[in-house]
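*Asks:* Have a look at this one before I ask anything.
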Amino acid sequence: MRRALVCLVVLAACLQLSSAFVVAQSRPATAMPAAVDTSALDRKADPCVDFYQFACGGWIANNPLPLDRRTFGRFTELQDRNFEILRRVLESPPANASADSRKAADFYAACMDESTIERRALTPLTGDVMMLDNLRNPDDLPVAIAHLHEIGVAVFFRFGAQTDLTDATRTIANLDQGGLGLPDRDLYLQSDARSQEIRRTYAAHVEQMLTLAGAEPAAAATDAQAVVGFETALAKASLDRVGRREPSATQHRMTLADLQRLTPGFDWKKYTSAIDAPKFQVLNVTVPDFFRAMNTLVQTTAIDEIKAYLRWQLLHASAPVLPKTFVDADFAFFSRTLNGQQEPQPRWRRCVTEVDTRLGEAVGKAFVEETFSAQAKDDTLKMVQDIKNAMRQDIDGLPWMSGQTKKAAMTKLEAVADRIGYPDAWRDYSSVRVARDDALGNVQRAIAFERQRTLKKIGEPVDRAGWSMRPQTVNAYYSPDRNNINFPAGILQPPFYRAGRDAAVNYGAAGAVIGHELTHGFDDQGRKFDPEGNLRDWWTAADAKAFEERATCVADQYSGYTVAGDTHVNGRLTLGENTADNGGLRLALTAYLNGPGAKAKDKIDGFTPEQRVFLGWAQIWCENSRPEAERLRAQTNPHSSSKYRVNGPTSNMPEFAKAFQCKANAPMVKTNACRVW
Ligand SMILES: [Zn+2]
């Protein structure tokens, strides 16, 4: 089943997009240096000309992109190591393994059992296909869509739960745009050659999948055109990614009766009862225009075309656990065409990813026991406190902010909760049925379980104990609606953190990651939330204006960068992340110099303490990637390309220029340096 991109579907801003698509390759764990990774350097490069090349050039040359990768970098290296641990736990569960851990092992075994998957062919989908065949008119749609949503087929729209941003202690229902097969709405609408080519290949892929499922070739071709046409209509009604970054643009609280008046052609009572949602009166409709358009589409599109769309989406969602012909077709379009990946990942790694995504906490406990030490937790907590102190100092000294807003900012900072490692209470999967001969059914049931778990929250107090990431994930996040920063055990390892390693490198890497998440609470989105997580303005008009001017400087800076030789970074799409990178690195440097670096003067490997902080940051971003993946990232990902995550912030910092003794006219010294935090 398709994997949701963690940071886009929940109210969270994170360090990188979900690593769900990271891929496999067995590598020995690299030697862990005690300070800067000198083998990653390119000493022929001038740090004042291209710091990324200086810090990472050696690593980039030594780690050519494997055929089964679209990108490969330090995050991937670590995620590989984490997944090797999960693989071992799944392939040979210890004798004392918990019931959930054994369930995860069965789930993995079913996913690995290709011969059963081949033998059963499309039999596991028979019931779902029959249900679609029996659709007669638009009145049948609410029940059919509810069933498809339950098993993870993302048709038409998304229904779930969210924090009520007018009262952040409560959870309300949420209805959002959705239903697209391509990863971005603009790919359906833009007229450039690349988008046109992608649409053409996409239509051919839809046609192929329908044919593989038994459609007559002529019918499959007609249906594929109908599918792309239908999705294009949904895309037109969707709000684009930059528009969605404004929090108030996606908050439209209304009653169920209001919603029914907005979309008279779609019976919401039928849908919510079929999906077994708790009774509710109020919900948030993120993009009302989308639902207006959907209402028209449901009434004006031939039912056979809608059925073709639903059938395609069912096959698409199921592809990873269908027979090889479907897996290969899915790979050819979504991995090769869209991302430039040349070969599929090994099966074991796709199946570990599937377990991680569907039953992640069932294996999380074993992972934590093996990897996460009390020392790591203590060190991280210490860094969090140091970084928060640096932020206090920063807010206090801001020349552009009034005392009134500073006071409010300080109140918000004091309220930021920090969580490190793993959840206090593990998710209980005892109600999920897993069978060793039913890979697709397992996935569907795990998704249905997760959906019910989410829907049950509607009308309830916000659950502040739950995590939006699994402990084995190499990532971190900030939740604006909960005002907390979260660091899974999976990222608190080399190259991000290592016990006993040079503190300058630990602060430059893990410390700056902490600073990044903390700064999200005060970026262009986060600043609009109050200490409790409500969407409430606490800024004076003049301070808000000063902030926006500073943010615009950052947006313009990054819009000037290009990737893959021809594609601009979108400075507005990436503004929050770039603000967090810039703030995070500065906070980490301040925290280090106030704390463990206060007396440090000695060079290590020829680098001063300040230089090692900057190198610590830069070296977590060493990466190789395919041009197709870079272009798609620039279009869809709120994070900038790795090179600019290094050169963007450092070129804004006089502290960097001083540390590396760069001349005033050096490329890495920006004349109009941007600074928000
Ligand atoms: Zn982030």
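The values are calculated or read from the model by the stated rules, or taken from the named source; none is laboratory data. From a predicted model like this one, the values you see are computed outputs, not experimental measurements. Glycine also receives a Cβ, built like all others from the backbone with ideal geometry; neighbour counts cover every protein chain displayed. Ligands, DNA and RNA are excluded from the accessible area calculation, which covers all protein heavy atoms including side chains. Shrake-Rupley method; radii C 1.70, N 1.55, O 1.52, S 1.80 Å.
*Asks:* Between 0 and 90 degrees, rounded to the nearest ten: what's the tilt of helix 374-397 against the longest Cα principal axis of the chain?
*Replies:* That works out to roughly 70 degrees.
*Asks:* Got a sec? Charge dipole of the chain, +1 on Cβ for Lys and Arg, -1 for Asp and Glu; which of Q281, A257, V327 is way out at the positive end?
*Replies:* Q281
*Asks:* Using alpha-carbon positions, what is the distance between the centroids of the stretch 48-108 and the stretch 602-659, in Å?
*Replies:* 21
*Asks:* Shifting gears a bit: With every protein chain present, what is the per residue accessible area of the chain (1.4 Å probe, Å²)?
*Replies:* Accessible area per residue: 38 Å².
*Asks:* Give me the accessible area of R347, 1.4 Å probe, in Å² rounded to the nearest 10.
*Replies:* R347 exposes around 30 Å² with every protein chain in place.
*Asks:* Would you calculate the volume per residue, in Å³, of the smallest convex hull containing every Cα atom of the stretch 72-119?
*Replies:* Value for the stretch 72-119: 90 Å³ per residue.
*Asks:* Does the stretch 114-213 come out rounded, prolate or oblate, given a ≥ b ≥ c as the square roots of the eigenvalues of its C-alpha gyration tensor, rounded meaning a/c under 1.5 and, failing that, prolate meaning a/b above b/c?
*Replies:* It is oblate, given that a/c is not under 1.5 and a/b is not larger than b/c.
*Asks:* Reported to two decimal places, what Rg/Rh ratio describes the chain when computed on Cα atoms with Rh from the Kirkwood expression?
*Replies:* When Rh is taken as the Kirkwood radius, the ratio is 0.96.
*Asks:* Next up: Let me know the Rg and Dmax you get for the stretch 489-623 when you use only its Cα atoms, in Å.
*Replies:* Answer for the stretch 489-623, Rg first and Dmax second: 17.1, 49 Å.
*Asks:* On to the next question. When all alpha-carbon pairs of the stretch 500-554 are counted, what percent fall beyond 14 Å?
*Replies:* Distances greater than 14 Å cover 64 percent of the Cα pairs.
*Asks:* Let me ask something else. Assuming a ≥ b ≥ c are the square roots of the Cα gyration tensor eigenvalues, decide whether the stretch 441-507 counts as rounded (a/c under 1.5), prolate (otherwise, with a/b larger than b/c) or oblate.
*Replies:* Taking the square roots of the gyration eigenvalues as a ≥ b ≥ c, the stretch 441-507 is oblate.
*Asks:* Can I ask one more? Helix 642-651 sits at what angle to the longest principal axis of the chain, using alpha carbons and giving 0 to 90 degrees rounded to 10?
*Replies:* 30
*Asks:* Full extension from A417 to L189: what is 0.36 nm times the residue separation minus their Cα-Cα distance, to one decimal in nm?
*Replies:* Going from the current span to full extension adds 77.9 nm.
*Asks:* Under a point-charge model restricted to the Cβ atoms of Lys and Arg (+1) and Asp and Glu (-1), what is the dipole moment magnitude of the chain relative to its Cα centre, in debye to the nearest 20?
*Replies:* Dipole about the Cα centre, nearest 20: 860 debye.
*Asks:* Set Lys and Arg Cβ to +1 and Asp and Glu Cβ to -1, take the dipole of the chain about its Cα centre, and tell me which of L297, I395, P471 lies farthest positive.
*Replies:* It is I395, whose Cα lies furthest towards the positive end.
*Asks:* Same structure again: Rounded to the nearest 20 debye, what is the charge dipole size of the stretch 33-185 about its Cα centre when +1 sits on each Lys and Arg Cβ and -1 on each Asp and Glu Cβ?
*Replies:* 320
*Asks:* From the helices alone, meaning DSSP H stretches of at least four residues, give me the mean residue ellipticity at 222 nm for the chain, per-run term -39500 (n - 2.57), in deg cm²/dmol to the nearest 500.
*Replies:* Helix-only estimate at 222 nm: -15500 deg cm²/dmol.
*Asks:* Another question about this same structure. Taking Cα centroids, how far is the stretch 142-179 from the stretch 316-375 in Å?
*Replies:* 24
*Asks:* From the backbone phi of the stretch 501-517, what are the Karplus-calculated ³J(HN,Hα) couplings (6.51 cos²θ - 1.76 cosθ + 1.60, θ = phi - 60°) in whole Hz, Gly and Pro given as x?
*Replies:* Karplus values, whole Hz, x for Gly and Pro: 6, 2, 4, 4, 6, 4, 5, x, 9, 4, x, 5, 5, 4, x, 4, 5.
*Asks:* Multiply the residue separation of K236 and R158 by 0.36 nm, subtract the distance between their alpha-carbon atoms, and state the gained length in nm to one decimal.
*Replies:* So the chain would gain 26.4 nm between K236 and R158.
*Asks:* Could you give the nm distance between label points at S402 and Q281, where each point is 7 Å from its Cα heading toward the beta carbon?
*Replies:* Taking the two extended label points, one gets 3.8 nm.
*Asks:* Could you give the distance between the Cα centres of the stretch 489-508 and the stretch 213-230, to the whole Å?
*Replies:* When both Cα centres are located, 52 Å separates them.
*Asks:* Quick check on the chain: of the DSSP beta bridges with both residues there, what percent are antiparallel, nearest 5%?
*Replies:* Percentage antiparallel, nearest 5: 75.
*Asks:* Something else now. Would you report the distance distribution of C-alpha pairs in the stretch 397-462 as whole percents per 10 angstrom bin, up to the bin with the largest distance?
*Replies:* In whole percents, the pair-distance histogram is 15, 24, 22, 16, 13, 8, 1.
*Asks:* In debye, nearest 20: dipole of the stretch 290-397 around its Cα centre with unit charges on the Cβ of K, R (+) and D, E (-)?
*Replies:* Here the size comes out at about 360 debye.
*Asks:* Going by average Cβ density within 10 Å per residue, which order do the peptides 527-535, 560-568, 280-288, 507-515 take, highest to lowest?
*Replies:* 507-515, 527-535, 280-288, 560-568
*Asks:* Modelling each spin label as a point 7 Å along the Cα-to-Cβ direction, I'd like the K603/D537 distance in nm, to one decimal.
*Replies:* According to this spin-label approximation, the distance is 5.3 nm.
*Asks:* Please state, as a whole number in µm²/s, the translational diffusion coefficient that the Stokes-Einstein equation yields for the stretch 320-460 at 25 °C and 0.890 mPa s, with Rh defined as the Kirkwood radius across alpha carbon pairs.
*Replies:* Rounded to a whole number, D works out at 123 µm²/s.
*Asks:* May I pose another question? I want to make sure I understand the PRE zone here: with the label point 7 angstrom from the Cα of Q661 toward its beta carbon, which residues in the stretch 608-649 have backbone N atoms less than 18 Å away?
*Replies:* Answer for the stretch 608-649: 608-615.
*Asks:* Where does helix 541-559 land angle-wise versus the long Cα axis of the chain, in degrees 0 to 90, nearest 10?
*Replies:* The helix 541-559 is inclined about 80 degrees to the chain.
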